[in-house]
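Enquirer: Below are the structure tokens for one structure; questions will follow.
The values are calculated or read from the model by the stated rules, or taken from the named source; none is laboratory data. Computed from a predicted model, the values in this text were never measured in an experiment. Neighbour counts run over all protein chains shown; Cβ positions are idealised from the backbone, glycine included. In case anyone asks, the SASA skips ligands and DNA or RNA and just uses the protein heavy atoms, side chains included. Shrake-Rupley method; radii C 1.70, N 1.55, O 1.52, S 1.80 Å.
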Amino acid sequence: MGPAKESLGGSFTLARVASAVGGRVAGNAALRLSGVRGLEEAGPSDLSWIADERWAREGRDSRAGALLVASEESASGKPAVVVRNPTLALATWLEVWRPSARPRPGISRKAHVHASARLGKGVSVAAGATVEGGAVIGARSVLCPGSFVGRGAVLGEDCYLHPNAAVLERCRIGARVILHAGAVVGSDGFGYVWDGERHRKIPQLGIARVEEDVEIGANAAIDRATLGETVIGRGTKIDNLVQIGHNVFVGEQSVLCGQAGIAGSARVGRRVTLAGQVGVSDHATIGDGVVATGQAGIVRGANVPAGTVVSGMPAAPHRDFMRSAAWVARLPDLARRVAGLEKRGGGAGEGETPWKSESPKS
Amino acid sequence: MGPAKESLGGSFTLARVASAVGGRVAGNAALRLSGVRGLEEAGPSDLSWIADERWAREGRDSRAGALLVASEESASGKPAVVVRNPTLALATWLEVWRPSARPRPGISRKAHVHASARLGKGVSVAAGATVEGGAVIGARSVLCPGSFVGRGAVLGEDCYLHPNAAVLERCRIGARVILHAGAVVGSDGFGYVWDGERHRKIPQLGIARVEEDVEIGANAAIDRATLGETVIGRGTKIDNLVQIGHNVFVGEQSVLCGQAGIAGSARVGRRVTLAGQVGVSDHATIGDGVVATGQAGIVRGANVPAGTVVSGMPAAPHRDFMRSAAWVARLPDLARRVAGLEKRGGGAGEGETPWKSESPKS
Amino acid sequence: MGPAKESLGGSFTLARVASAVGGRVAGNAALRLSGVRGLEEAGPSDLSWIADERWAREGRDSRAGALLVASEESASGKPAVVVRNPTLALATWLEVWRPSARPRPGISRKAHVHASARLGKGVSVAAGATVEGGAVIGARSVLCPGSFVGRGAVLGEDCYLHPNAAVLERCRIGARVILHAGAVVGSDGFGYVWDGERHRKIPQLGIARVEEDVEIGANAAIDRATLGETVIGRGTKIDNLVQIGHNVFVGEQSVLCGQAGIAGSARVGRRVTLAGQVGVSDHATIGDGVVATGQAGIVRGANVPAGTVVSGMPAAPHRDFMRSAAWVARLPDLARRVAGLEKRGGGAGEGETPWKSESPKS
């Protein structure tokens, strides 16, 4: 199979890029390019970008025909557009160059739309999509095949439900929210009570409320509250396969990376970053601006102070974690030294413990 | 967007709650309430509950109009219903107050039901749901849009398949089983054999058998056995995004929390709790009543004794894990002390190792 | 519910098995069997197999009527078929005995196939499946109910999309690729840039390219590239709920086990094994033949040398990890010994730190 083509938007001049991103051309403004690529893949007909001055060298050594840069120096003589934030300029240019194609408005005859549902202007509902009774779909929202909007659910304007994404009964979704394929909003919270013989289900009567400009990744799951609301704050971005339990509150503009999980009733602040596979236990509280690094485990009821960076399980300040991890790696040596001291001091020396060797697949 | 209303069931008196849950009213039995809320959100017109005597204080300080409590004392003078298990009473009351609305029975003309499928009385099959040849659907079961029941699969009575949930070919589902949106039962086990050049797929001819009263979370996946059966025992509750490999056996009344994973041929006992993101390796055995705390890793072939609480990777008894973790945090200090002893004892002192500082996002 | 029957392929003689797998009969070639089972479940009428000579004892003690074995000795007198690789022979025999039933070719009148899509010979598109404009479906490929092939996407020959699996716009899938239920290929990469007030989405214009003979597990998610391609190499097997970020490259014949996650722009070599719940951070590089054990965490930008086995977070060579883990378990003891030395040496002795006791559910 050949490589994919991105020259979807056709060719363009450096001048056009500069005007689109509000930048200044350094070099030949009439230079014509046909694609946009990262530094490694870029060729003479491609525009690329230097996200960070530290990569100026890679930029210079790349085969890119032109660069988006923060300073003329970092262009190292290549034709360039100088702009304050090259990555932001990249986003802007890609939107201009290749506007995302929305499907034609209209309700497919093969869609399943209940008579009591209210659809705004310019809504697109594909064949095989379902809108149940009393649901409200905001103007220009798009429902792809297999997507589902349950009874009494409310979607804002310009939402996009990718194939098989589901917003369940009574949940509320703000404007410009994107649900990627298979994402679920409003599944029952995981709530049971032991009655002496079995787990009795606690009815989950609350909802999930997703504020505007949120994006939810493929096959992610956000539970409805037992009572009240599970809340995802405005502008927060949620990656694929993330799990959010019932009654969780996530503040605005946070970033939850792939496979992170947040257990019931946890509170996550604004501008928080949970890296991949981070686990947040129930009733934990995470302050604004916290960064939890990959696979960190924040234990039940923990309270992570605003602005801190935490790592490990149980999560500790990142610096402490790294320092301890370095010593853990040197523990056998440290133990040897202790044994040596004991020998010299006449203490009861000890050798190393044998440990059960294990299958690498374990 | 305003908050969601839960007063779906209309207003009610404390007397009605008491009779529904088999409790005793303390205070004004005629007190009329309109909603049910947790202690933090509850207002004067809401019923709330004190799940645990330790929270009596929060109950007293709350704005709740009335409380479900285990003892009159813990109501601190508020109107209350006294009952042995307030959380159980909450579950009972929510069922009475707001019975879950099942869709009207009947087969949508837009459903895809094979002529050879056998559907019980009062079954509901929505538009866009599929029932393949030879499948059997028990009485009163509900198939939501996009849900799928494969060839020869058998569902018991009163099952509920939420949107896009799938029970694949020949799998067997007991009575009252709930599959949440996107849950998959019966995907192929992950079985291959290297033939010298490539991974040859081992046909997965077994099934997955899910016993009665099991609940399976959104986008969870349960593989069929290579041969024989993958079994989920009666009453076990499985949270969102849980992965269960082929030929796994899970006993009755266990609880598998969000994003836990169980690899092929592992055996999990009865009343086991796997907290969030726990990993169980293949061929491991987990005794009855074991609790594995968040992110614990149970290694290949391990045998966890019944009734133990384990933590960490590799999993160890929780107390030992916590003790070791406390010392890991103090390792730099311990190492300094060893270096000090060596200096005094004339041993070869050592400073700290520098460690590679790492990106918090890593 | 009774057990499932696997005698789907009807009864067979040992001679027939031998000829099918190219093996030699030891014992009664006319022996008639009716099923195939693992050693534990096998009965007198079942064929079983000894995957590894170490299990010869279990084979002898089993009730199996006959065995696939690598040497006559390991059959311990039972009727057997002797073959170089018994597990490979098992795979071959299961294919012969019970060939997988493909649905009848043809396009359901209830499928949603765009007029401009091009479908090869013998394609099967079920009711409720969608093929969008300009998509190409290779000969004999199967699209189950709820499966989706987006605009301009290309599928090779003999592909199989299980229920609700989705291949999004412009992505390219090689021949004989299997997507299990709910698997998603081509969701947007998780790319944003902070504009000072909010996360601006970086348009994800690239694709995901999945080469031939790849298998992708239930509810797994593979993101498209920002620009260029996310690549899954030929013959690689991906388990359920695995997450693959944008611009990731995975080499040929690798194995990614359940719930493993690979962050953006990471490079994974050929014949790599990532065990369950392994996390690979962005821009990490993993050499050919690397094995990462369960829950290992490979940090941002790390470079894991070819052929190594790594464990832990941050990932270290498996032997070192096991050695350190053994000492971590003995840290309280080591600390006591250091305190003892200090006392004898007149150093400032220290007791143990108390540690916050934690809920086992944390």
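Enquirer: Here are some conditions: (1) touching a Leu at 6+ places or on another chain (Cβ under 9 Å); (2) in a loop (DSSP other than H, G, I, E, B); (3) crowded, with 24+ Cβ neighbours inside 10 Å. Residue B:205 meets all but one. Which one does it not meet?
Expert: If we test residue B:205 against (1) touching a Leu at 6+ places or on another chain (Cβ under 9 Å); (2) in a loop (DSSP other than H, G, I, E, B); (3) crowded, with 24+ Cβ neighbours inside 10 Å, just (3) comes out false.
Enquirer: Would you mention how many residues in region C:122-139 are assigned to a strand (DSSP E or B) and either among the charged types (D, E, K, R) or open to solvent by 20 Å² or more (accessible area, probe 1.4 Å) (or both)?
Expert: Residues meeting the conditions: 1.
Enquirer: How about region B:272-282: which of its residues are more than 9 Å from chain A (Cβ to nearest Cβ) and either in a loop (DSSP other than H, G, I, E, B) or free of Cβ contacts under 8 Å to residues at least 24 places away in the same chain (or both)?
Expert: B:272, B:273, B:274, B:278, B:280
Enquirer: From the list C:97, C:49, exactly one residue is under 30 Å from residue C:143 (Cα atoms), surrounded by 15 or more Cβ atoms within 10 Å (Cβ to Cβ) and touching a residue at least 40 places away in the same chain (Cβ under 8 Å). Which is it?
Expert: From the options C:97, C:49, the qualifying one is C:97.
Enquirer: Among the residues of region C:303-322, write down those that are open to solvent by less than 50 Å² (accessible area, probe 1.4 Å) and more than 8 Å from chain B (Cβ to nearest Cβ).
Expert: If the condition is that a residue be open to solvent by less than 50 Å² (accessible area, probe 1.4 Å) and more than 8 Å from chain B (Cβ to nearest Cβ), then C:304, C:308, C:309, C:310, C:311, C:315, C:316, C:318, C:321, C:322 are the ones that fit.
Enquirer: Could you please find all residues in region B:113-157 being of a type in the set (A, V, I, L, M, F, W, C), within 27 Å of residue C:101 (Cα to Cα) and away from chain A (no Cβ under 14 Å)?
Expert: Residues satisfying the conditions are B:113, B:115, B:117, B:119, B:131, B:135, B:136, B:137, B:149, B:153, B:154, B:155.
Enquirer: Tell me whether region C:149-163 contains one or more residues that are over 20 Å from residue A:143 (Cβ atoms) and of a type in the set (Lys, Arg).
Expert: no
Enquirer: Which pairs turn up if I take residues in region C:324-343 that are without any contact (Cβ under 8 Å) to a residue 60 or more places away in the chain and look for partners that are of a type in the set (S, T, N, Q) and crowded, with 20+ Cβ neighbours inside 10 Å with beta carbon separation below 8 Å, at least 6 apart in sequence or on another chain?
Expert: Pairs found: C:328/B:324; C:329/B:324; C:331/B:324; C:332/B:324.
Enquirer: Would you mind stating whether residue A:142 is of a type outside the set (Lys, Arg), under 16 Å from residue A:183 (Cβ atoms) and either in contact (Cβ under 8 Å) with a residue 24 or more places away in the chain or touching a Cys at 6+ places or on another chain (Cβ under 9 Å) (or both)?
Expert: Judged against the criteria, residue A:142 is a match.
Enquirer: For region C:307-327, which positions are of a type in the set (A, V, I, L, M) and farther than 21 Å from residue A:335 by Cβ?
Expert: Residues satisfying the conditions are C:309, C:310, C:313, C:315.
Listed here are the residues, each with its yes/no results for (1) open to solvent by 10 Å² or more (accessible area, probe 1.4 Å); (2) more than 30 Å from residue A:234 (Cα to Cα); (3) among the aliphatic types (A, V, I, L, M).
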site: C:172; (1), (2), (3): yes, yes, no
site: C:192; (1), (2), (3): yes, no, no
site: C:254; (1), (2), (3): no, yes, no
site: C:261; (1), (2), (3): no, no, no
site: C:266; (1), (2), (3): no, no, yes
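Enquirer: Residue under question is residue B:87, and the condition is that it be under 24 Å from residue B:11 (Cα atoms), at pLDDT 95 or above, of a type in the set (Ser, Thr, Tyr) and in contact with a helix residue (DSSP H, G or I) (Cβ under 6 Å, 6 or more places away or on another chain); does it hold?
Expert: no
Enquirer: Can you find a residue that is open to solvent by 10 Å² or more (accessible area, probe 1.4 Å), in a loop (DSSP other than H, G, I, E, B), within 30 Å of residue A:260 (Cα to Cα) and not acidic (Asp, Glu) anywhere in region C:229-236?
Expert: Within region C:229-236, one or more residues are open to solvent by 10 Å² or more (accessible area, probe 1.4 Å), in a loop (DSSP other than H, G, I, E, B), within 30 Å of residue A:260 (Cα to Cα) and not acidic (Asp, Glu).
Enquirer: Moving on. Which residue pairs have Cβ atoms closer than 6 Å, lie 6 or more positions apart in sequence or on different chains, and pair a first residue in region B:158-177 that is within 11 Å of chain A (Cβ to nearest Cβ) with a second residue that is surrounded by fewer than 24 Cβ atoms within 10 Å (Cβ to Cβ)?
Expert: Between residues of region B:158-177 that are within 11 Å of chain A (Cβ to nearest Cβ) and residues that are surrounded by fewer than 24 Cβ atoms within 10 Å (Cβ to Cβ), the close pairs are B:160/B:142; B:160/B:178; B:176/B:158; B:176/B:212; B:176/B:213.
Enquirer: Moving to a separate point now. Among the listed residues B:106, B:43, B:22, B:27, identify the single one that is more than 25 Å from the chain's Cα centre (by Cα), within 30 Å of residue B:124 (Cα to Cα) and touching a residue at least 12 places away in the same chain (Cβ under 8 Å).
Expert: B:106
Enquirer: A further question follows. Out of all the residues in region C:104-121, which are farther than 22 Å from residue A:145 by Cα and either at pLDDT below 95 or open to solvent by less than 40 Å² (accessible area, probe 1.4 Å) (or both)?
Expert: C:104, C:120
Enquirer: May I pose another question? Based on this model, can you work out whether residue B:158 counts as of a type in the set (D, E, K, R) and surrounded by fewer than 24 Cβ atoms within 10 Å (Cβ to Cβ)?
Expert: When the stated conditions are applied, residue B:158 passes them.
Enquirer: Return the residue satisfying two criteria in turn: it lies in region C:208-218 and is within 14 Å of chain B (Cβ to nearest Cβ) and open to solvent by 20 Å² or more (accessible area, probe 1.4 Å), and of such residues it is nearest to residue A:99 (Cα to Cα).
Expert: C:211
Enquirer: Only one residue in A:273, A:230 is of a type in the set (Ser, Thr, Tyr), within 16 Å of the chain's Cα centre (by Cα) and within 27 Å of residue B:279 (Cβ to Cβ). Which one?
Expert: The conditions single out A:273.
Enquirer: While we're on this one: Select from region C:287-308 the residues that are under 19 Å from residue A:258 (Cα atoms) and within 21 Å of the chain's Cα centre (by Cα) and list them in ascending order.
Expert: Once the filter is applied, which keeps residues that are under 19 Å from residue A:258 (Cα atoms) and within 21 Å of the chain's Cα centre (by Cα), region C:287-308 yields C:292, C:294, C:295, C:296, C:297, C:298.
Enquirer: Would you say residue A:288 is surrounded by fewer than 20 Cβ atoms within 10 Å (Cβ to Cβ) and touching a residue at least 24 places away in the same chain (Cβ under 8 Å)?
Expert: yes
Enquirer: Let me ask something else about it. Are any residues in region B:76-97 more than 7 Å from chain A (Cβ to nearest Cβ) and part of a helix (DSSP H, G or I), and if so, which ones?
Expert: Passing the criteria: B:86, B:89, B:92, B:93, B:96, B:97.
Enquirer: Does at least one position in region C:219-227 carry a residue that is of a type in the set (Ser, Thr, Tyr), open to solvent by 10 Å² or more (accessible area, probe 1.4 Å) and under 27 Å from residue A:101 (Cα atoms)?
Expert: yes
Enquirer: Please state which one of B:104, B:60, B:54 is basic (Lys, Arg) and either closer than 30 Å to residue B:152 by Cα or assigned to a loop (DSSP other than H, G, I, E, B) (or both).
Expert: B:104
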